[in-house]
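Data block below; observations after.
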Amino acid sequence: MILSLVFGFIVGIGVGSFFFPSFGLVLAVVFLTVIFFFYKFFVGEKEKRILFLISFFLLGATLGLSRMHFSDNYRVSTLSQFENKKTEFVGIVTDEPDVREKATMLTVLLQTASTTSQKIKLNEKIILSTAIYPQFSYGDQISFSTKLAMPEKIKSNDREFDYGGYLRVRGIWYTAGFVYPKLISENHGSVINKYLFKIKNAFVASMNRAIPPPESDLSAGLLLGAKQSLGKERLAEFARAGVSHVVVLSGYNITIVAESLIAFFSFLSATLSFGIGALGIILFTILAGGGASALRATIMVLVALVARKFGREYSVARAFGFAVVLMLVLNPLLLVFDPSFQLSVFATIGIIFVSPFLEPHLSKIPQKFGMREIVSATVSTQLVVLPFIIYSNGILSLVALPVNILILATVPSAMFLGFLTGLVGLFSLWLSYIPAIFSYALLWYQLTVVHIGATLSFGSFILPAFSPWVVVLVYAIIGTGLYFLQKKTT
């Protein structure tokens, strides 16, 4: 019943993402729901159950369509009046600057726009690019002159990425070109965010002093999801080797933070250590940027902590469903327009639902060092995410499985040693060299394996673009295969 409701809700959001869900459409689905619900009183028990499930599916679809009706997807931006017009703006940097190889991307909340005749008050975000120097910080109030433009679709490997939809998820409708902002004043942001970013920058700087790049960049990616620091070339290598997920903040990273905090403060009362653990992972998620995959993982970990605290049975599948539905209620645009959310959902489905089917068939793989579990999780994840990845970027990696198996076992140690290096380095550079030596060795090993896998001539191929219905068909085949595999096992 609940599953039917949730599935209907997701379908409703999906349909409403492509077609405006007018009041008439929503009313028609409501009317259809009522018909199916009352018709079940006139049929047999078997048909009654089917109609009951259909009724809940349609109820969920009604809720999904209604949520999209009131979403930002069809809202007209207040900045449309300034499109392609040279205008002087004043705004505040509302996120940590994203420093790339040749430029810095700033997310700015516009406050005012000055025209020849008047000054107009605004309250909408844009993204602009500027030089790496001079540096701007979170909370800086800046002024700049630019022409706003609608973001265009990005073409790659015969595919188009809806960059406009991706930004719309984040409440951004317009971008600015390369500008040269002027600093007006500082300290206009949240005090909590300000100090979190300061701690993050101090930690990363401490780690960089003891571990040279690119190993230090990989460590920042593992610990904080700061994958952009690796640069385009190395990120492309990670994509060709099928291990891009390694530098995306996931449930594993966040679980480590929560468990570490609770263990560290175990001398306190159970309630206090629980509160510190929960607060810690929330602050850590903010510090790491609060992306969709990190937010999904945070919700699931918080649900696990609450279940443990109150002695309730924890179901990872229910926690996953709760996290997905909650995120879509808060921001329904995630479903269609955010690839990181989609990839996170597919990967989690592979680990939670597919891995248990495959692991019993991998009895020949030894359990030592958790090898069987790693292989099972890796195969399951690749099986579920591969069709989506190929459809999205066209890259078919033939080395993804062996590369994942070779490096995933070393990730926990690399994360721990990297964290220890950055933490100790805040107090003593010389002492930080001790964990840094071992951290560097593991990080070098990971980068080397990825580089070898990515540079093999047969390692990856670019496939031509194809219809999304092909993806649906592939997932139907995978689902059917798993169904018969389960029946054979039982």
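A search for C-beta distances below 7 Å between a residue of region 145-174 that is of a type in the set (S, T, N, Q) and any residue that is surrounded by fewer than 13 Cβ atoms within 10 Å (Cβ to Cβ), counting only pairs 6+ apart in sequence or on different chains, returns Ser145/Lys86; Thr146/Gly177. Looking at (1) in a helix (DSSP H, G or I); (2) modelled with pLDDT under 85; (3) surrounded by 19 or more Cβ atoms within 10 Å (Cβ to Cβ), can you tell me which one Ser260 breaks? All conditions are met except number (3).
To keep it simple, each residue is scored yes or no on (1) surrounded by fewer than 17 Cβ atoms within 10 Å (Cβ to Cβ); (2) β-branched (Val, Ile, Thr); (3) modelled with pLDDT under 85.
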{"residue": "Pro181", "(1), (2), (3)": "no, no, no"}
{"residue": "Glu186", "(1), (2), (3)": "yes, no, no"}
{"residue": "Ile192", "(1), (2), (3)": "yes, yes, yes"}
{"residue": "Ala202", "(1), (2), (3)": "yes, no, no"}
{"residue": "Glu215", "(1), (2), (3)": "no, no, no"}
{"residue": "Gly221", "(1), (2), (3)": "no, no, yes"}
{"residue": "Ala226", "(1), (2), (3)": "no, no, yes"}
{"residue": "Lys232", "(1), (2), (3)": "yes, no, yes"}
{"residue": "Val247", "(1), (2), (3)": "no, yes, yes"}
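Listed conditions (1) in a loop (DSSP other than H, G, I, E, B); (2) under 20 Å from Glu124 (Cβ atoms) are all met by Glu88, apart from (1). Would you confirm whether any residue within region 424-441 is under 25 Å from the mean Cα position of the chain (by Cα) and in a helix (DSSP H, G or I)? No; the residues of region 424-441 include none that is under 25 Å from the mean Cα position of the chain (by Cα) and in a helix (DSSP H, G or I). In region 1-19, the count of residues that are out of contact with any Gly (no Cβ under 9 Å at 6 or more places or on another chain), among the aromatic types (Phe, Trp, Tyr), within 27 Å of Val324 (Cβ to Cβ) and at pLDDT 85 or above is one or more.
Inside region 378-408, residues that are in a loop (DSSP other than H, G, I, E, B) and either crowded, with 19+ Cβ neighbours inside 10 Å or in contact with a His (Cβ under 8 Å, 6 or more places away or on another chain) (or both) make up a count of 1. Return a yes/no flag: does region 28-51 have any residue that is in contact (Cβ under 8 Å) with a residue 40 or more places away in the chain and not hydroxyl-bearing (Ser, Thr, Tyr). Checking region 28-51: not a single residue is in contact (Cβ under 8 Å) with a residue 40 or more places away in the chain and not hydroxyl-bearing (Ser, Thr, Tyr). Scan region 446-459 and tell me whether some residue there is touching a strand residue (DSSP E or B) at 6+ places or on another chain (Cβ under 6 Å), in a helix (DSSP H, G or I), touching a residue at least 12 places away in the same chain (Cβ under 8 Å) and not acidic (Asp, Glu). Looking for residues that are touching a strand residue (DSSP E or B) at 6+ places or on another chain (Cβ under 6 Å), in a helix (DSSP H, G or I), touching a residue at least 12 places away in the same chain (Cβ under 8 Å) and not acidic (Asp, Glu), one finds none in region 446-459, hence no. The residue list Ser17, Ser66, Ser22, Ser55 contains one member that is out of contact with any helix residue (DSSP H, G or I) (no Cβ under 6 Å at 6 or more places or on another chain), among the hydroxyl-bearing types (Ser, Thr, Tyr) and outside the structural domain of Pro181 (by TED's automatic domain parsing), which is Ser22. Annotation note: of Gly139, Gly189, Gly221, the sole residue that is touching a helix residue (DSSP H, G or I) at 6+ places or on another chain (Cβ under 8 Å), part of a loop (DSSP other than H, G, I, E, B) and under 30 Å from Val424 (Cβ atoms) is Gly139. On the stretch given as region 38-51, residues that are touching a Phe, Trp or Tyr at 6+ places or on another chain (Cβ under 8 Å) and under 19 Å from Phe7 (Cα atoms) total 1. For region 98-111, the set of residues classified as more than 14 Å from Lys125 (Cβ to Cβ) and without any contact (Cβ under 8 Å) to a residue 60 or more places away in the chain consists of Lys102, Thr104, listed by residue number. If the condition is being buried (at least 18 other Cβ atoms within 10 Å of the Cβ) and closer than 30 Å to Asp338 by Cβ, then region 15-52 contributes Gly16, Ser17, Pro21, Val26, Val29, Thr33. Just to be sure I understand, how many residues within region 392-437 are modelled with pLDDT under 85 and of a type in the set (Ser, Thr, Tyr)? Selection size over region 392-437: 4. Summed over region 186-218, the residues that are closer than 15 Å to Leu420 by Cβ and touching a Gly at 6+ places or on another chain (Cβ under 8 Å) give a count of 7.
Scan region 1-52 for residues that are of a type outside the set (A, V, I, L, M, F, W, C) and not in a helix (DSSP H, G or I) and the total you get is 3.
Check region 58-80 and report whether any residue there is under 21 Å from Phe178 (Cα atoms) and assigned to a helix (DSSP H, G or I). Yes: one or more hits.
The values are calculated or read from the model by the stated rules, or taken from the named source; none is laboratory data. None of these values were measured; they are calculated from a predicted model. Please note: Cβ atoms are built from the backbone with ideal geometry, for glycine as well, and neighbour counts cover all protein chains shown.
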